[in-house]
Ligand SMILES: NC(=O)c1ccc[n+]([C@@H]2O[C@H](COP(=O)([O-])OP(=O)(O)OC[C@H]3O[C@@H](n4cnc5c(N)ncnc54)[C@H](O)[C@@H]3O)[C@@H](O)[C@H]2O)c1
């Protein structure tokens, strides 16, 4: 896809983090945006940030775990914008808990958002995308769709599944007008950890699975946000990947190196991380893109 100008892009999880900046960068490039999020307040903030761009914006309070709401969305988008060219299945959550302490409902809730949300959105929008001369489905997995750590079993189950689902779609849609992408971000400084759920029954501190030690939840969320790549930079990398038609889009050098670690040492990849990760702490671009 050469350009986002005059395109219509649907973005889930657009109230925060990478979703918000995907919306802003597409609007800046002249594309209309359909922003969706379960959180009405943060969605309204994104809408306000989009006012300065001369494009059509519609916002939808959407819980991607709600299959019926997803089924109803394409008709609304067509009524408002006349077409849809890109779908970014970006909304996601995490739950820090050992598998044993994770209740069935907690497991199901993450599966419904991170996996079934992606699948149901793809199913709902595919017929409309197929109508366009060029279109894209962009599904967000994670570098945690490549490697695993403890206390993230449900997150990994969803992100590995999004990767498998998306890579199969890449092959099915090859040679058609629909390009399909799987996004694997590394550490991006967003709200995902501040809003993450934790299991009180776990004896080790929250964030232990992510190597953040025994910090309070607030400290951990703040630290995660401060030290990650700025989400505007991440969104820029994702959009460049779409333009270049990259089926797999790694976001950040950490994501690339972690992927390399699992190729080099499939059973003990985490042993390479301290060596790989230390310089990245200083190299990562934590500043927002200027002039947004
Ligand atoms: N931040 C990272 O380091 C990182 C790394 C790898 C992958 N990811 C993935 O990137 C995607 C974007 O996350 P982010 O880091 O920007 O996080 P974020 O928390 O800043 O944004 C996620 C957005 O999704 C929304 N959301 C949550 N549940 C929803 C639901 N049921 N329906 C609709 N919207 C919902 C939230 O309200 C929020 O606005 C997620 O899929 C996440 O798993 C993030």
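Only the coordinates and a few stated rules stand behind these numbers; no lab work does. Nothing here was measured: the structure is a model prediction, and the numbers come from that model. Every residue, glycine among them, receives a Cβ derived from its backbone with ideal geometry; neighbour counts consider all protein chains shown.
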Inset, instruction - Identify which of 30, 82, 117 has the largest mean-square fluctuation in a Gaussian network model of the chain, with springs joining Cα atoms closer than 10 Å. - result: 82
Legend entry - For region 76-222: span of alpha carbons on each principal axis (Å, largest first): 53, 31, 28
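When the Kirkwood hydrodynamic radius is evaluated over all pairs of different C-alpha atoms of region 138-199, what value in angstrom, to one decimal, is obtained?
Values: mean 1/r = 0.0778 Å⁻¹.
Evaluated over region 138-199, this radius sits at 12.9 Å.
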Inset, instruction - Within 10 Å, count the other beta carbons around each residue, average over each peptide in 281-288, 35-42, and list them highest first. - result: 35-42, 281-288
Legend entry - Using alpha-carbon coordinates, inclination of helix 117-130 to the longest axis of the chain, degrees: 30 degrees
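Please state the relative contact order of region 8-283 as a whole percent: Cα pairs under 8 Å, 6+ residues apart? The partial results should precede the final answer.
Numbers: 525 pairs, mean separation 48.6, N = 276.
The value is 18 percent.
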Inset, instruction - Could you pull the Cα extents of the chain along its three principal axes, largest to smallest, in whole Å? - result: 52, 38, 38
Inset, instruction - May I ask you to derive the FRET efficiency for residue 176 and residue 6 from their Cβ-Cβ distance with R0 = 25 Å, giving the value to the nearest 0.05? - result: 0.75
Legend entry - Between 0 and 90°, nearest 10: helix 231-243 axis offset from the chain longest Cα axis: 60 degrees
Inset, instruction - Give the angle, between 0 and 90 degrees and rounded to the nearest 10, that separates the Cα long axis of helix 67-81 from the longest principal axis of the Cα atoms of the chain. - result: 40 degrees
Inset, instruction - Could you order peptides 186-196, 171-181 by the average number of other Cβ atoms within 10 Å of their residues, highest first? - result: 186-196, 171-181
